Amino acid sequence: MSSETPAADGAPVSRRTADDGAARQPGMADVARLAGVSAQTVSRTLAGHPNVQHTTRAKVLAAVEELGYRKNNAARMLSSGRSRTIGVVTLRTTFYSRANLLFGIEAAAREAGYAVSTAATASLDTAAIESALSRLAEQDVEGVVLSVPLVHVSPRIERLTRSVPTVTVDGSRTPATEIVAVDQTLAARLATRHLIELGHKAVWHVSGPQEWLDAASRCAGWRDTLEEAGLSVPPVLEGDWTPASGYRNGLVLGKIPDVTAVFVASDEMAFGVIRALHELGRRVPEDISVVGVDDIALAEYCSPSLTTVAQPFAEMGALAVAHLLRHIADPDAAPEPASVEPVLVVRASTAAVDGPAARRS
């Protein structure tokens, strides 16, 4: 069935109901009549244009809600030649850091009037990333945020990133992309220096997979900081970002009597390390201090609360979108890399050697 809603000028506006499958979908003209504005004003409002008055925006959105109007993206693209869509290539994973980065991208894109289309890849294989980029290109996205590391830049990846404005957020790049990244070397330096300042003479490291540039950069920052302090560099124990890999490495570390400090390349792996140490009777931080990276939501609430290096994922997402929109507006502009500084957050999982716990936030 259908009903009629009087427009601002008194003319009836047809509204489709759930029982009226044959009734036509309300159009932008219907929204304009009900709100008492022009179709152009409706278009500007729905595109997120900043110059629409608050009261006008409220009337248009109320009319949209009442009529059940849905934007016809295909028609809009045909008329404007633009999809108003950003593509994101991401890893198919449950890792908090990836999910939070995607949330930041989506929030910033929505604020700018863009939709987000995600192409998830199950691996870092070159062919898988090529496929994800191709799927987004076929959707006519206006730009791409590449949030997976490029282990190898193939000719096809280079062509695809030249044809569509692209920003990377993990430190890897092609000649045509811009970089927005956290300074991962600094993140490692902050963590390692904190442990050294607490009096630890050896700082062990549980790294992420070395094909990840983030993991390689953190490992390099850890090693350089130890060498600059005149301390020996213990063997690296490699994980795969999961708590299970942290647990396995924690079982190794907990059986080495001289271990007093561990820098773990992610909070999720750090949780696994702490669990293993607890099972082996090694107390954190009294016997072994542990520092993670990311500052995920659980870090503050685990026991003991985790000292970690915070990465501003939402800020990174917003910065990536801002750079991408600038790149879309001016594709010929020279790439401008941007780096976000991490911050050390001291909690209860670190302590001075044979002394009181470190000062906690």
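The values are calculated or read from the model by the stated rules, or taken from the named source; none is laboratory data. Keep in mind that what you see is a predicted model, and the values were worked out from it rather than measured. Neighbour counts are summed over all protein chains in view; Cβ atoms, including those assigned to glycine, are modelled from backbone coordinates with ideal geometry. These accessible areas exclude ligands, DNA and RNA; they are computed on the full protein's heavy atoms, side chains included. Shrake-Rupley method; radii C 1.70, N 1.55, O 1.52, S 1.80 Å.
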Are any of the residues in segment 206-218 more than 20 Å from M269 (Cβ to Cβ) and part of a loop (DSSP other than H, G, I, E, B)?
no
Those residues that are over 25 Å from T85 (Cβ atoms), of a type in the set (G, A, S) and not in a loop (DSSP other than H, G, I, E, B), I need them from segment 297-344; list them, please.
A297, A299, A310, S339
Within segment 92-120, tally of residues that are surrounded by 18 or more Cβ atoms within 10 Å (Cβ to Cβ) and touching a Lys or Arg at 6+ places or on another chain (Cβ under 6 Å):
2
Cβ-Cβ under 7 Å pairs, at least 6 apart or on other chains, segment 273-284 side farther than 10 Å from P243 by Cβ, far side part of a loop (DSSP other than H, G, I, E, B) and open to solvent by 40 Å² or more (accessible area, probe 1.4 Å):
L280/K255
I need the full set of residues from segment 55-86 which are among the polar types (S, T, N, Q), modelled with pLDDT under 85 and more than 28 Å from the chain's Cα centre (by Cα), in order please.
N72, S79, S80
Return the residues of segment 284-295 that are in a loop (DSSP other than H, G, I, E, B) and open to solvent by less than 10 Å² (accessible area, probe 1.4 Å); say none if nothing qualifies.
I288
Quick one: P335 ticks every box in (1) surrounded by 14 or more Cβ atoms within 10 Å (Cβ to Cβ); (2) not assigned by the TED database to the domain that holds F95 except a single one, so which number is it?
(2)
Six or more apart or on different chains, Cβ atoms under 7 Å: show the pairs whose first residue is in segment 157-173 and under 16 Å from E138 (Cβ atoms) and whose second is of a type in the set (G, A, S) and in a loop (DSSP other than H, G, I, E, B).
T161/A176; T166/A176
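Yes/no per residue for (1) at pLDDT below 95; (2) in contact with a strand residue (DSSP E or B) (Cβ under 7 Å, 6 or more places away or on another chain); (3) surrounded by 20 or more Cβ atoms within 10 Å (Cβ to Cβ); (4) in a strand (DSSP E or B):
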| residue | (1), (2), (3), (4) |
| --- | --- |
| S245 | no, no, yes, no |
| L251 | no, no, no, no |
| V262 | no, yes, yes, yes |
| R275 | no, no, no, no |
Of the candidates R33, R16, the one satisfying the condition of being open to solvent by 60 Å² or more (accessible area, probe 1.4 Å), modelled with pLDDT of 85 or more and in contact with a strand residue (DSSP E or B) (Cβ under 7 Å, 6 or more places away or on another chain) is R33
If you check S83 against the conditions, is it open to solvent by less than 70 Å² (accessible area, probe 1.4 Å) and not in a strand (DSSP E or B)?
yes
So V151 passes all but one of these: (1) of a type in the set (A, V, I, L, M); (2) in a loop (DSSP other than H, G, I, E, B); (3) surrounded by 18 or more Cβ atoms within 10 Å (Cβ to Cβ). Which condition number does it fail?
(3)
When T126 is evaluated against the numbered criteria (1) in the same structural domain as I288 (by the TED database); (2) open to solvent by 10 Å² or more (accessible area, probe 1.4 Å), which criterion, by number, is the only one it fails?
(1)
